[in-house]
Amino acid sequence: MSRVGKKPIALPSGVSLSIDNGNVVTVKGPKGTLTQAVDPDISVAVEEGTIQVSRPTEQKRHKALHGLYRALVNNMVVGVSTGYKVDLEIVGVGYKAAVNNNVLELQLGYSHNVYVAVPSEIKVSAVTEKGQNPKVILEGIDKQLIGDVAAKIRSLRKVEPYKGKGIRFVGEVIRRKAGKSSSKK
């Protein structure tokens, strides 16, 4: 039984959902439009201001797809109504970030600067405040795309466990290790 799949999705005001004959769901809202192809076995219906996702049988495959497509449609509705935001923090001496025409330029302690071309669907900004670590802020309506770009940026310099240097999500807890200790003889 999919508890996630059975939950109805509230449709906020200003957001509309349409289903094409090829079972393609399109969600339009104040922030933009998103589309998602849904498996032909799963049905999506709009009933009295809520979206209901249902499955035909109790097969394991249908149960898995039921929860998956309900979550994807819910992410689309939240994205076009409120949007998503991911904050990355860059920790390290001399580590910097700058944005120029949706190209993120990072100085991460390598011999060269690292340039990341961010898709046009995502708004990227770099903030550097005195006494604070530089931050990279990603904003957009597609949760999956933002997560992929954030993971790509984070993978450029993973946080190391001894000094904690690297790129991390804001609020992420890093397990720290003790360094070498000298033995007394």
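Using the crude model of +1 on Lys and Arg Cβ and -1 on Asp and Glu Cβ, and no other charge, please compute the dipole size for the chain relative to its Cα centre, in debye to 20.
1500
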Discussion item. At 7 Å along Cα-to-Cβ for each site, give me the label-to-label distance between residue 10 and residue 128 in nm.
Written reply: 4.2
Item to complete: Per residue of the range 124-129, in order, report the coupling 6.51 cos²θ - 1.76 cosθ + 1.60 (Karplus, θ = phi - 60°) as ³J(HN,Hα) in whole Hz, putting x for Gly and Pro.
Response: 10, 9, 10, 10, 10, 10
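Between residue 52 and residue 148, what FRET efficiency comes out of the Förster formula 1/(1 + (r/R0)^6) with R0 = 25 Å and r the beta carbon distance, rounded to 0.05? Provide the component values of the computation, followed by the final result.
Numbers: r = 29 Å, r/R0 = 1.16.
E between residue 148 and residue 52, to the nearest 0.05, is 0.30.
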Worksheet entry | the chain - mean residue ellipticity at 222 nm from DSSP helices (-39,500 (n - 2.57) per run, n ≥ 4, rounded to 500) | -6500 deg cm²/dmol
Fill in: Surface share of carbon and sulfur [accessible, 1.4 angstrom probe, percent] for the range 1-84
53
Practice prompt. Quote the FRET efficiency, to the nearest 0.05, computed for residue 41 versus residue 93 with a Förster distance R0 of 45 Å and r equal to the Cβ-Cβ distance.
Written response: 0.25
Item to complete: Can you tell me which of 124-132, 143-151, 75-83 comes out highest on packing, and rank the rest after it, using the mean Cβ neighbours within 10 Å?
Response: 75-83, 143-151, 124-132
Fill in: Set 60/152; 123/143; 31/143; 96/130; 28/143 screened for pairs whose C-alpha atoms are more than 21 Å apart
60/152
Fill in: Dipole-positive endmost among 5, 76, 52 within the range 1-88 (Cβ charges, Cα centre)
5
Worksheet, complete the sentence: Expected vector for the range 11-21, Karplus 3J(HN,Hα) from phi with 6.51, -1.76, 1.60 and θ = phi - 60°, integer Hz, x for Gly and Pro, equals 9, x, 5, x, 10, 10, 10, 10, 10, 7, 5
Worksheet entry | Inter-label distance, nm, simple model (7 Å from Cα along the C-beta direction), residue 120/residue 102 | 0.5
Worksheet item: With a ≥ b ≥ c the root eigenvalues of the C-alpha gyration tensor of the chain, is it rounded (a/c under 1.5), prolate (a/b larger than b/c) or oblate?
Response: prolate
Discussion item. Per residue of the range 164-176, what does 6.51 cos²θ - 1.76 cosθ + 1.60 with θ = phi - 60° give for ³J(HN,Hα)? Whole Hz please, x for Gly and Pro, Karplus curve as stated.
Written reply: x, 7, x, 9, 9, 6, 5, x, 6, 8, 9, 6, 9
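The values are calculated or read from the model by the stated rules, or taken from the named source; none is laboratory data. Being a predicted model, the structure only gives us computed values, none of them experimental. Counting neighbours? That spans all protein chains shown, and the Cβs are built from the backbone with ideal geometry, glycine included. Accessible surface areas use protein heavy atoms only, side chains included; no ligands, DNA or RNA. Shrake-Rupley method; radii C 1.70, N 1.55, O 1.52, S 1.80 Å.
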